[in-house]
Amino acid sequence: MTTQEAYRQCEEIMKKGSLTFYRAFSLLSKPDRQAVMAVYTFCRTLDDAVDESDRPEESLAAFLHDFDRFLAGYDQDEALWVALRDVWKRYDMDVEPFFELAEGMKWDLHKSRYETLEETEQYSYYAASTVGLMLLPILVPNQDEATTRQLRQGAIDLGIAMQLTNILRDVGEDLNRDRIYLPRTMMRQYGVSEEMLQQREVTPVFIDLWEALANRAEFLYARARETHHLYPLASRKPVQAAALLYEGILDAARANRHDVFTKRAYVSTLQKGKLLAKL
């Protein structure tokens, strides 16, 4: 398989898996765009190893074995590894967030309830902030230590904000999987019990809880925006676009009267255009 064939397969996986991210990062130059698509394919494949498998622990172990072989330099003909090999040659990639994402997958295998906001945000770091950290060497290469530190914190904030957005959008879908990511301490604070969630009714106390977490996400989106000026012009707009489009999911859920049990909040094509026009 040629490198360009591998990238074409990665592009199809990204287009199918997340039109939001695909549209946002289509603003990059072709080499950077292809690298982002390869990283996305790694994340998507790892996620599917857990969520789409009848034996998720075995599937996760097999995937990580393949990743270890990749890091050791073995030739592998699958599109993901061919594309990622090219990425590794062209950028100074940091391997740690790749393994940290896998740690988040392990949490999903063994943990279905979260006690505190800090615990939910730690999971969010593993599940989403790691992706931003993976992309930094592609989007912002060759930065000094101080700038890199600020960019890392911005990527962490943005990832947690995005994952909190996922959690707020997917309350009903997660209940179907017997998962509740809403922190129990906050549920108790606002008078929302697990039994109430299972009834799938949008009550005033549920709205208060939902908005408290949404406000936390919006605070983190705003804090991440403070670092956007540190990105080169070539990659700044894609990052801003991804953040705007994802934050828009919160308003889409509000437009659905906070019904995240029976409706899936999404940003319409028209609304995406309006949000991107802000850039």
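The values are calculated or read from the model by the stated rules, or taken from the named source; none is laboratory data. This is a predicted model, so every value here is computed, not measured. When we count neighbours, we look across all protein chains shown, and the Cβ atoms used for this are built from the backbone with ideal geometry, even at glycine. Surface accessibility is based on the protein's heavy atoms, side chains included, excluding ligands, DNA and RNA. Shrake-Rupley method; radii C 1.70, N 1.55, O 1.52, S 1.80 Å.
Rounding to the nearest 20 debye, state how big the charge dipole of the stretch 151-248 is about its Cα centre with +1 on each Lys and Arg Cβ and -1 on each Asp and Glu Cβ. List each step's numbers first, then the result.
Values: 12 positive and 13 negative charges, 99 e Å.
The calculation lands at about 480 debye.
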- [ ] Just name one of 67, 153, 241: the one whose Cα is farthest towards the positive end of the charge dipole of the chain (beta-carbon charges, Lys/Arg +1, Asp/Glu -1).
- [x] 241
Task: Within the accessible area of the stretch 185-263 (1.4 Å probe), percent carbon and sulfur - done: 52 percent
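Using 0.36 nm per residue, how much length does the chain from residue 219 to residue 185 gain when fully extended, once their Cα-Cα distance is taken away? Show your work: numbers first, answer last.
Details: separation 34, 0.36 × 34 = 12.24 nm, distance 1.97 nm.
Taking residue 219 through residue 185 to full extension adds about 10.3 nm, to one decimal.
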- [ ] Among the aspartates and glutamates, select those whose C-alpha is under 19 Å from the C-alpha of residue 30, and discard any that sit fewer than 8 residues away in the same chain.
- [x] 5, 11, 12, 86, 92
Open item on the list: If I stretch the segment between residue 202 and residue 271 completely, what's the gain in nm (0.36 nm per residue apart, minus their alpha carbon distance), one decimal?
Closed with: 22.4 nm
Open item on the list: Counting only protein heavy atoms and a 1.4 Å probe, tell me what percentage of the stretch 1-150's accessible area is made up of carbon and sulfur.
Closed with: 46 percent
- [ ] Measure off 7 Å from each Cα along the Cα-to-Cβ vector at residue 177 and residue 69, then give the distance between these two points in nanometres to one decimal.
- [x] 2.7 nm
Task: Surface accessible to a 1.4 Å probe, per residue, for the residues of the chain, Å² - done: 49 Å²
